[in-house]
Every structure is written in C-alpha cells, then in structure tokens.
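Enquirer: Before anything else, here's the structure in question.
The values are calculated or read from the model by the stated rules, or taken from the named source; none is laboratory data. Quick caveat: nothing in here was measured; it's all calculated off a predicted structure. Cβ placement follows ideal geometry from the backbone for every residue including glycine, while neighbour counts extend to all protein chains displayed. When the accessible area is computed, the model is the full protein with side chains, heavy atoms only, and any ligands, DNA or RNA have been set aside. Shrake-Rupley method; radii C 1.70, N 1.55, O 1.52, S 1.80 Å.
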Amino acid sequence: MMRHHVHPKDRGLSEAEGKALIDRLEETRSLSRGEWTDLIRGRTPALAEYLFGRARKIRVRHYGTEVYIRGLIEFTNYCRNDCYYCGIRKSNKNAVRYRLTRDQILSCCEKGYRLGFRTFVLQGGEDRWFTEDRMTGIISEIRRRFPDCAITLSIGELSRGSYRRFFEAGADRYLLRHETYDGVHYARLHPETLSASHRQKCLWDLKEIGYQVGTGFMVGSPYQTAENLADDMLFLKELNPQMVGIGPFIPHHDTPFAHMPAGTLELTLFMLGLIRLMLPKVLLPATTALGTIAEDGRERGILAGANVVMPNLSPTEVRENYLLYDNKLCTGDEAAESLKSLDQRFRAIGYHIAISRGDSLNQEIPD
Ligand code: SAH
C-alpha cells in the first residue's frame, strides 16, 4: 500500500504543523493542494482527535445535535454501466436483477412517511426501462401525495433536458458522486465510455437548474493517492454542494476489484472532519458503507462531523439484491423500520434523530 512507502512528509509534518493547518483550514476554509496532501498523508491519531473536536463544534453550531434522516429507496439494480468497483455493474451476471413498480415505489414512500421520513431518495442503476416519461410520472405523483417532503434523485448521468424535466416535476435534490476528480484516476475505475469531465459537467448542470446537489467520492478506492484526495477537496470547494457523501471503498466479489483492499474507517473519518471544516454548513451523511466496515461506523461518523443518515426503505425482499459491495448493510439499524433503535444509538453519544426535511443551510449566499 502507498502508505508504507516513505514520503518526506510522513515524518515532515509535526503535530504542531498539523494543528496549525487545521486551525487555518477552520479560519479560511481552504488549503492549497500541497497542504491538503501533507495533512492527509501526515495525519496521526492525535491530529484526528483534534480535527474531530473542531468538526463537532462547527456541526453543533449550525445543526445542533440533530441527525437528519433520508429514506433510501433502491428502486432498480439494472445498470447499463460497468464501473469496475460496483456490484451491480452490467457485466455481473450473478447479480439478481429487480426493478420496483411505480406502485411499489409509492408504497415505500407511504411507509416511509408513517415512519417519520420527510425526504425520499430514489436511487438506482442507470436503467433505461425508467424512461424520462416514466420517471417524470413517478416524481409528479410523489410530489402530489407528499407536498411536505423533499424528493431526491440518484440515478446517474443524464441529459440536462432530463434533469430539467425531473426538477419541474417536483424533484428537489440530486445525488451524483463525482467519485474522483482526477481524470487519470477516474479512468482506472471506469470503462472508457465514462469520464470524470462528463460526470462533473452533469453536476454543474444540476446546480444551474436549481437542484440542491450532493456529490462525493469513495475513500481508499483502488490506486487512490493523497493527491487525488487533495484534488477532491479542491473540487468540493469549487462546486460548493449542499451535501457530500463519502464512504470507504469496499470490494465486491464479482467485480474486477474483488481482491483490492478496502478503504479504512480511519481515513474516511479524517476526510469527514476535513469536509466539515471546509464546508461548515454542508450536509454530511454517515454512509451505509461506513456502517458496514465498522459496527460503530455511523456513530464514529457523527462524532467526526457528520449529520445525516440514510436508512433503507426498499421493500425487504429486494434489499439484499442491491449489493454494491460485499456485506452491505440493509437490516438491523440500517433498516428504516429500526429508526427507534438507531435513535437510541445516537442518543447514547449525545445526538438524536430529527423528523424534518432537513434542508441544507449551505445555500448560495455567502455568509
Ligand atoms: N447509479 C447511480 C447510483 C450509484 S450507487 C449513480 O451513478 O450515481 C451510489 C454510490 O455507491 C456510488 O456513487 C459509489 O460511490 C458507491 N459505490 C459503488 N460501489 C461501491 C463499492 N464497491 N464500495 C463502496 N462504495 C461503492
């Protein structure tokens, strides 16, 4: 692994220098590419604790001790793409494919509403069966039935025209992780048909249309360097999204990356803390992947500055088939039905679940 090679800064960044960088990040909300690289590569447990303390303070200042919830509806695992890391990639012949009907999606929302969810996230592979007309119909119906809820889409790269139609039909938010900013690194994770620049263009389109946008990346994805993560931070700064979803890369046994090492809890938490300092008001989920690599991953995420969780609202019979990576959580406290027990976990560390749309305070107006 990269970290075992000796880099000058491995020994070069003293604790005092690290703290000074964190202080300046908090104050100016930005660092240079070289500083990001040094801080990420030179991190230590002591520096991480220092960072998390700062991150929690900022998080509590803006969002109190509330944890926002989103009901995740994984409505199709058919996908025309072939991302090397993803378990529902087109070439995975062992994936058991499913798609929910319009009525099933609407029942998920009904159930979610009763449980207390006021945001529904429709996530899926890039499945052309859900044409623009079909999607628009589903979005309009959710909008009509749940006027007080936010509708979030996470269905990949589409034309600006489709994004616009969905927005006009009532979708408010869109999640599209940029995955990695660097074009060369991106090309090592995806087939030639996909590019970093096109994915980024989609994000700018979504923003321009008026969506509250979420982006993000995998931590510890194959071949990722500290420089790549530095570039990801600079991109986040430039895009200034309302939400940033990050989680560790976790291998899936039926993908080309089956034998690649997983990203670590430690680095993911450190990146969460850095993002909270750089974008104080951003929505920051403690993701399912984080809960998957460590039993207390979500709580640790909250304690590093996260303020959102996205429990699974999909019908129980399809949940295990939306397998992006091995052992992906979908039961226990990851299930939407277990909101009470999830809330108890958060109360044990001084936080609690809020029943609200949970809009981002990170709007365009600079403060
Ligand atoms: N098709 C949609 C939704 C993608 S799935 C889209 O293109 O946006 C949601 C996220 O899961 C992806 O953006 C990716 O960052 C993450 N993911 C996929 N495979 C993963 C893996 N093996 N480990 C960790 N995260 C993974």
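Enquirer: Do the conditions hold for residue 289, that is, is it within 25 Å of residue 235 (Cβ to Cβ), crowded, with 23+ Cβ neighbours inside 10 Å and within 15 Å of the ligand (Cβ to nearest atom)? Explain how you work it out, then say what you get.
Expert: Details: within 25 Å of residue 235 (Cβ to Cβ): yes; crowded, with 23+ Cβ neighbours inside 10 Å: yes; within 15 Å of the ligand (Cβ to nearest atom): yes.
Spelling it out, residue 289 is indeed within 25 Å of residue 235 (Cβ to Cβ), crowded, with 23+ Cβ neighbours inside 10 Å and within 15 Å of the ligand (Cβ to nearest atom).
Enquirer: When residues of segment 151-171 are filtered for being within 17 Å of the chain's Cα centre (by Cα) and at negative phi, how many remain? Steps first, answer last, please.
Expert: Within segment 151-171, the subset within 17 Å of the chain's Cα centre (by Cα) is 151-157.
Now drop any that are not at negative phi, which leaves 151-155, 157.
Final tally of qualifying residues: 6.
Enquirer: Is it fair to say residue 136 is within 16 Å of the ligand (Cβ to nearest atom) and in contact with a Lys or Arg (Cβ under 6 Å, 6 or more places away or on another chain)? Can you show your working first?
Expert: On the way: within 16 Å of the ligand (Cβ to nearest atom): no; in contact with a Lys or Arg (Cβ under 6 Å, 6 or more places away or on another chain): yes.
Criteria not met by residue 136.
Enquirer: State all residues of segment 242-253 that are in a loop (DSSP other than H, G, I, E, B) and touching a Lys or Arg at 6+ places or on another chain (Cβ under 8 Å); if no residue qualifies, say none.
Expert: Initial filter on segment 242-253 (in a loop (DSSP other than H, G, I, E, B)): 242, 249-253.
If the condition is that a residue be in a loop (DSSP other than H, G, I, E, B) and touching a Lys or Arg at 6+ places or on another chain (Cβ under 8 Å), then 242, 250 are the ones that fit.
Enquirer: Continuing with the same structure: For residue 221, indicate whether it is modelled with pLDDT of 95 or more, within 16 Å of the ligand (Cβ to nearest atom) and more than 26 Å from residue 37 (Cβ to Cβ). Before the answer, list the steps.
Expert: Working: modelled with pLDDT of 95 or more: yes; within 16 Å of the ligand (Cβ to nearest atom): yes; more than 26 Å from residue 37 (Cβ to Cβ): no.
Taking the combined requirement at face value, the residue does not satisfy it.
Enquirer: With respect to residue 50, is the statement that it is modelled with pLDDT of 95 or more, within 16 Å of the ligand (Cβ to nearest atom) and open to solvent by 20 Å² or more (accessible area, probe 1.4 Å) true?
Expert: So residue 50 does not fit the description; no.
Enquirer: Regarding residue 317, is this residue modelled with pLDDT under 95, surrounded by fewer than 19 Cβ atoms within 10 Å (Cβ to Cβ) and away from the ligand (no atom under 16 Å from the Cβ)?
Expert: Numbers: modelled with pLDDT under 95: yes; surrounded by fewer than 19 Cβ atoms within 10 Å (Cβ to Cβ): yes; away from the ligand (no atom under 16 Å from the Cβ): yes.
Answer is yes for this residue.
Enquirer: Now for a different question. Scan segment 191-222 residue by residue and report those that are surrounded by fewer than 13 Cβ atoms within 10 Å (Cβ to Cβ) and either in a loop (DSSP other than H, G, I, E, B) or aliphatic (A, V, I, L, M) (or both).
Expert: Across segment 191-222, the qualifying residues are 192, 193, 210.
Enquirer: Filter segment 223-261 for residues that are at positive phi and within 15 Å of the chain's Cα centre (by Cα) and give the result.
Expert: Step one: of segment 223-261, the residues at positive phi are 223, 240.
Residue satisfying the conditions is 240 alone.
Enquirer: Just to be sure I understand, how many residues within segment 62-106 are assigned to a helix (DSSP H, G or I), in contact (Cβ under 8 Å) with a residue 40 or more places away in the chain and over 29 Å from residue 252 (Cα atoms)? Please lay out each step first, then the result.
Expert: So in segment 62-106, the residues assigned to a helix (DSSP H, G or I) come out as 62-63, 102-106.
From what's left, in contact (Cβ under 8 Å) with a residue 40 or more places away in the chain: 62-63, 104.
Going one step further and asking which of them are over 29 Å from residue 252 (Cα atoms), we end up with 62-63.
Final tally of qualifying residues: 2.
Enquirer: Follow-up question, since we're still on this one. With the condition kept exactly as written, say whether any residue in segment 176-195 is free of Cβ contacts under 8 Å to residues at least 40 places away in the same chain, touching a helix residue (DSSP H, G or I) at 6+ places or on another chain (Cβ under 8 Å) and under 30 Å from residue 114 (Cβ atoms).
Expert: yes
Enquirer: Hey, another quick one. Out of 199, 160, 164, which single residue is away from the ligand (no atom under 13 Å from the Cβ) and more than 25 Å from residue 358 (Cα to Cα)?
Expert: Values: 199 fails: away from the ligand (no atom under 13 Å from the Cβ); 164 fails: more than 25 Å from residue 358 (Cα to Cα).
Sole residue among the options that is away from the ligand (no atom under 13 Å from the Cβ) and more than 25 Å from residue 358 (Cα to Cα): 160.
Enquirer: Going through 77, 81, 92 one at a time, which residue ends up being more than 22 Å from the chain's Cα centre (by Cα), of a type in the set (S, T, N, Q) and crowded, with 16+ Cβ neighbours inside 10 Å?
Expert: 92
Enquirer: Residues in segment 140-153: is at least one touching a strand residue (DSSP E or B) at 6+ places or on another chain (Cβ under 8 Å) and open to solvent by 20 Å² or more (accessible area, probe 1.4 Å)?
Expert: yes
Enquirer: Okay, next question. Do the conditions hold for residue 147, that is, is it assigned to a loop (DSSP other than H, G, I, E, B) and either in contact with a Pro (Cβ under 9 Å, 6 or more places away or on another chain) or within 15 Å of the ligand (Cβ to nearest atom) (or both)? First the steps, then the outcome.
Expert: On the way: assigned to a loop (DSSP other than H, G, I, E, B): yes; either in contact with a Pro (Cβ under 9 Å, 6 or more places away or on another chain) or within 15 Å of the ligand (Cβ to nearest atom) (or both): no.
It is false that residue 147 is assigned to a loop (DSSP other than H, G, I, E, B) and either in contact with a Pro (Cβ under 9 Å, 6 or more places away or on another chain) or within 15 Å of the ligand (Cβ to nearest atom) (or both).
Enquirer: Which of (1) among the hydrophobic types (A, V, I, L, M, F, W, C); (2) within 24 Å of the chain's Cα centre (by Cα); (3) farther than 20 Å from residue 313 by Cα is the odd one out, the single condition residue 129 does not satisfy?
Expert: So the condition that residue 129 fails would be (2).
Enquirer: Further, regarding this structure: Please go through segment 188-213 and give me each residue that is touching a Lys or Arg at 6+ places or on another chain (Cβ under 7 Å) and not hydrophobic (A, V, I, L, M, F, W, C), ordered by number.
Expert: At the first step, the residues of segment 188-213 found to be touching a Lys or Arg at 6+ places or on another chain (Cβ under 7 Å) are 205, 209, 211-213.
Matches in segment 188-213: 205, 211, 212.
Enquirer: Restricting segment 109-134 to residues that are over 26 Å from residue 87 (Cα atoms) and in a loop (DSSP other than H, G, I, E, B), which is most open to solvent (accessible area, probe 1.4 Å)?
Expert: Ranking the candidates gives 118 first.
Enquirer: Would you be able to tell me the number of residues in segment 1-45 that are at pLDDT below 95 and either assigned to a loop (DSSP other than H, G, I, E, B) or under 16 Å from residue 278 (Cα atoms) (or both)?
Expert: Qualifying residue count, segment 1-45: 6.
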